[in-house]
Amino acid sequence: MDGLILSIAEWLDAVGIGPWAREGALTYPIANTLHLLGLVMLVGGIGVVDLRVLGLWKRLPLEALSRALTPVAVVGFGIMVPTGVVLFAADGPALAMSDVFERKLVLIVIALANAAAFRALFDKRLGYWAGVAPPAARIMAALSLLLWLTIGTLGRFIAYI
């Protein structure tokens with residue numbers, strides 16, 4: 001995977017995104033701030049839904065909560081993708097060799113697969129759960145929380161490990 005990541009870093013340099021990310025005085029700090037905003041929206045949105053699936057706030061209708069907060073999480077992820085590319089482009093070759101960065105990418109794929117599976121299995125049933133979700137849904141919600149929080153933590157660790 002290191003070779004693929006390095007190839008992407010080299011391509012980002014070749015098309016000018018790498019130099020722009022490294023040399024623009026405000027490019028990196030703005031991208032970093034927006035990336036953090038995206039993470040807050042993602043974890044804040046989906047995290048509240050996950051906590052509700054796990055049994056918190058049983059009086060709040062899960063279907064309505066999900067309908068309101070899932071788009072917030074999706075927009076947050078949508079902000080994180082391009083800003084993540086800019087952050088990566090600023091230091092791509094070094095990140096291509098980072099085990100922490102590689103683990104973060106793998107966990108993102110797993111978290112997205114978990115989210116897609118949850119939606120496929122349970123999206124039409126959210127309105128029928130009076131207070132307690134089925135065990136499989138609770139496991140997936142707990143996994144979602146664990147994955148996204150770990151991904152955010154690994155993102156912070158990249159600079160230090």
Open item on the list: Strictly greater than 21 Å: what percent of every Cα pair in region 67-161 meets that?
Closed with: 41
- [ ] Convert each backbone phi in region 64-77 into a coupling constant with the Karplus relation 6.51 cos²θ - 1.76 cosθ + 1.60 (shift: θ = phi - 60°), then list the ³J(HN,Hα) values in order as whole Hz, x for Gly and Pro.
- [x] 5, 4, 5, 5, 7, 9, 4, x, 4, 5, 5, 5, x, 5
TODO: Would you please state which residues of region 110-146 a label at Lys58 would reach in this model, taking the label point 7 Å out along Cα→Cβ and a backbone N cut-off of under 12 Å?
DONE: 130-133
Task: Rounded if a/c under 1.5, otherwise prolate or oblate - region 21-100, Cα gyration tensor axes - done: prolate
- [ ] Show Asp50, Asp91, Asp13 ordered by accessible area, largest first, where the area counts protein heavy atoms only and the probe is 1.4 Å.
- [x] Asp91, Asp13, Asp50
Open item on the list: Counting only protein heavy atoms and a 1.4 Å probe, tell me what percentage of the chain's accessible area is made up of carbon and sulfur.
Closed with: 72
Open item on the list: Using the basic label-point model (7 angstrom from Cα toward the beta carbon), what is the Phe157 to Lys124 distance in nanometres?
Closed with: 4.0
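Just the number please: accessible area per residue for the chain, 1.4 Å probe, all protein chains included, in Å².
For the chain, the per-residue accessible area is 56 Å².
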Task: the chain pair-distance distribution - Cα-Cα, 5 Å bins, rounded % - done: 2, 9, 16, 19, 16, 12, 9, 7, 5, 3, 1
- [ ] Enumerate the residues in region 94-111 having an amide nitrogen under 19 Å from the point lying 7 Å beyond the Cα of Ile139 toward its Cβ.
- [x] 110-111
Task: Phi-based couplings in Hz for region 44-57 (Karplus 6.51, -1.76, 1.60; Gly and Pro marked x) - done: x, x, 6, x, 5, 5, 4, 5, 5, 4, 6, x, 6, 6
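The values are calculated or read from the model by the stated rules, or taken from the named source; none is laboratory data. Please read all numbers here as calculations on a predicted model, not as lab measurements. Note that each Cβ is placed from the backbone with ideal geometry, even for glycine, and that neighbours are counted across all protein chains shown. All accessible areas refer to the heavy atoms of the entire protein, side chains included, with ligands and DNA or RNA removed. Shrake-Rupley method; radii C 1.70, N 1.55, O 1.52, S 1.80 Å.
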